[in-house]
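Student: Dropping a structure here in structure tokens format, bear with me for questions.
The values are calculated or read from the model by the stated rules, or taken from the named source; none is laboratory data. These numbers were taken from a predicted model, which means no experiment stands behind them. All Cβ positions, glycine included, derive from the backbone under ideal geometry; neighbour counts span all protein chains shown.
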Amino acid sequence: MSLLEVRNLKTYFYLDRNEYPAVDDISFTLDEGKTIAIIGESGSGKSVTSLSIMGLVDFPGKIIGGEVYYRGEDLLKKGEREMQKIRGNEIAMIYQDPMSTLNPMIKVGKQIEEALIIHKKATKKDSKKIVVELMKAVGIPDGEERYNHLPEQFSGGMRQRLMIAMAIACNPKILIADEPTTALDVTIQAEILDLLRNLRNEYNMSIILNTHDLGVVAEMADEVVVMYCGKIMEIAPNKELFKNPLNPYTQKLMECIPRIDDRKKRLDTIEGYVPHLTELPKGCRFSDRCHKAFDRCKDELPELKEISKEHWSRCWLHEVE
Ligand SMILES: Nc1ncnc2c1ncn2[C@@H]1O[C@H](COP(=O)(O)OP(=O)(O)OP(=O)(O)O)[C@@H](O)[C@H]1O
């Protein structure tokens, strides 16, 4: 049994009496100790997928179908109380902007401690010791002293480390990292990725990594899910995907991989733009921008099919090749 199994998940937004399929019937599994990367341009549904797993989708969004099995139990059937026990404790999330998680008015040590006191019923004395250890584990020395500092006294990279310390405080089985390095400069990005990799190995965590950055994917992921406009376009093991991208969308993303001397360039250089959910093409969602599209692509949505072992792709080209 996989640690996490997302099955036919559908999360739609409801605006002006219309429904918009932000996440549209997606399935994937995550095994213990593994990292799955979800990639795709802005608006493809990566964050909404993560929020759906965490039970954090708010109005006007709604999960309207599917299952999210964690250790065999469907999280979508759990009430808010049960989900509060799971969030932070079993599945934790880090975001692009640490200040969305850190309270600017509260000492950082206290903030990291909170989860330990709530979920692990740790005493004040024990928890302070654990917090100092956690700070050390994420690369913040002098924890005893820095425990009492406010978030503003830390640099951007250090705040990211604090957020990671908060996320791993209860030793979660799954860490969801939503664009964890996008806002950081290149050297700090590399340090944070190293940290995540080390923590994954040390704590035997599984990671769901949302990113635009294929360089990050190549270094971190065991498996890759490529999303576009709410649909999975391709899934494959990491090496296989980079060696043999089957879907024209993935191929285009790969063409946009920044060169080593230009790492900051992001993946938004495919010609055209991601259609808004209000104006999705009738057929394949990528058909308007696809260099290989033909008539059928404009009219009918292809299924996601296993083209070779563990390598799935959604494209009519596979039927004619
Ligand atoms: N609160 C909301 N109300 C309406 N639509 C929303 C809301 N949140 C997300 N969406 C829509 O859902 C779709 C998926 O958004 P999502 O944030 O998951 O994309 P993403 O792949 O994570 O993009 P990014 O890389 O920019 O974070 C987008 O079309 C977005 O406009």
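Student: Considering the range 85-126 alone, what residues qualify as being surrounded by fewer than 17 Cβ atoms within 10 Å (Cβ to Cβ), of a type in the set (Val, Ile, Thr) and not in a loop (DSSP other than H, G, I, E, B)?
Tutor: Across the range 85-126, the qualifying residues are Ile117, Ile118.
Student: OK, next. Give just the number: which of (1) surrounded by 14 or more Cβ atoms within 10 Å (Cβ to Cβ); (2) in contact with a Lys or Arg (Cβ under 8 Å, 6 or more places away or on another chain); (3) in contact (Cβ under 8 Å) with a residue 60 or more places away in the chain; (4) over 25 Å from Leu214 (Cβ atoms) does Asp178 not satisfy?
Tutor: Of (1) surrounded by 14 or more Cβ atoms within 10 Å (Cβ to Cβ); (2) in contact with a Lys or Arg (Cβ under 8 Å, 6 or more places away or on another chain); (3) in contact (Cβ under 8 Å) with a residue 60 or more places away in the chain; (4) over 25 Å from Leu214 (Cβ atoms), only one is false for Asp178: (4).
Student: Also: Tell me, please, whether a residue that is surrounded by fewer than 18 Cβ atoms within 10 Å (Cβ to Cβ), within 16 Å of the ligand (Cβ to nearest atom) and not charged (D, E, K, R) can be found in the range 41-51.
Tutor: Yes, some residue in the range 41-51 is surrounded by fewer than 18 Cβ atoms within 10 Å (Cβ to Cβ), within 16 Å of the ligand (Cβ to nearest atom) and not charged (D, E, K, R).
Student: Please work out if Met227 is aliphatic (A, V, I, L, M), in the same structural domain as Leu30 (by TED's automatic domain parsing) and buried (at least 21 other Cβ atoms within 10 Å of the Cβ).
Tutor: When the stated conditions are applied, Met227 passes them.
Student: So, in the range 127-154, of the ones that are part of a loop (DSSP other than H, G, I, E, B) and touching a residue at least 12 places away in the same chain (Cβ under 8 Å), which residue ends up surrounded by the fewest Cβ atoms within 10 Å (Cβ to Cβ)?
Tutor: Among them, the one singled out is Asn148.
Student: Would you be able to say whether some residue in the range 202-212 is in a helix (DSSP H, G or I) and of a type in the set (Val, Ile, Thr)?
Tutor: No.
Student: Under 8 Å between Cβ atoms, at least 6 apart or on separate chains: pull out the pairs that start in the range 55-67 with a residue that is assigned by TED's automatic domain parsing to the domain that holds Leu9 and end on any residue that is acidic (Asp, Glu).
Tutor: From the range 55-67, the pairs are Gly55/Glu80; Gly65/Asp25; Gly66/Asp25; Glu67/Glu5; Glu67/Asp74.
Student: A follow-up question, please. If we keep just the residues of the range 15-38 that are touching a Ser or Thr at 6+ places or on another chain (Cβ under 6 Å) and within 11 Å of the ligand (Cβ to nearest atom), which is nearest to Ser313 (Cα to Cα)?
Tutor: Val23
Student: Any residue in the range 245-256 that is within 18 Å of the chain's Cα centre (by Cα), of a type in the set (Phe, Trp, Tyr) and either at pLDDT 90 or above or not in a strand (DSSP E or B) (or both)?
Tutor: No: the range 245-256 contains no residue that is within 18 Å of the chain's Cα centre (by Cα), of a type in the set (Phe, Trp, Tyr) and either at pLDDT 90 or above or not in a strand (DSSP E or B) (or both).
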